[in-house]
Amino acid sequence: MPPLQLDMPAPSGQQLKAARLAAGLNQAQAATLMGYALQSGSRGGLQSRTWQALESPTDERNMQGPVFAMFLLLTGQHPTHRLAPQTPESGD
């Protein structure tokens, strides 16, 4: 079976924030889901400076398209695909 091709352009910060909010996640939860580091925030909670930068309209960093596709898959928001558990094939 050939690899799955997901044509997913890099999201803008606004698109990433909208997807995070639609998933019901705060920035720290979204960062943890995607493996980004968390730091102690100035107000005592955990935060992800990386995730904040990715959502920022003034920062030049963008999440790569395939990473955004994985975020959408993990949160059930991908427009054409969904994750499903594999089932053992007969005879294996």
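The values are calculated or read from the model by the stated rules, or taken from the named source; none is laboratory data. Note that the structure is predicted; figures quoted are calculated from it, not measured. Backbone-built Cβ (ideal geometry, glycine too); neighbour counts: all protein chains shown.
Quick look at the numbers
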| item | result |
| --- | --- |
| Flag if Ala10 is surrounded by 11 or more Cβ atoms within 10 Å (Cβ to Cβ) and modelled with pLDDT of 95 or more | no |
| Residue in segment 78-90 that is modelled with pLDDT of 90 or more and either buried (at least 17 other Cβ atoms within 10 Å of the Cβ) or part of a helix (DSSP H, G or I) (or both) present | yes |
| Output for segment 41-77, where each listed residue is in a helix (DSSP H, G or I) and β-branched (Val, Ile, Thr) | Thr50, Val67 |
| Condition check for Arg49: at negative phi and in contact with a Leu (Cβ under 8 Å, 6 or more places away or on another chain) | no |
| Candidate set: segment 16-59, residues that are touching a residue at least 24 places away in the same chain (Cβ under 8 Å) and within 14 Å of Gln77 (Cα to Cα); chosen: the one surrounded by the most Cβ atoms within 10 Å (Cβ to Cβ) | Ala30 |
| Tabulated pairs, segment 68-87, first farther than 22 Å from Asn26 by Cβ, second surrounded by fewer than 15 Cβ atoms within 10 Å (Cβ to Cβ) and modelled with pLDDT under 95, C-beta under 8 angstrom, 6+ apart or interchain | His81/Leu4 |
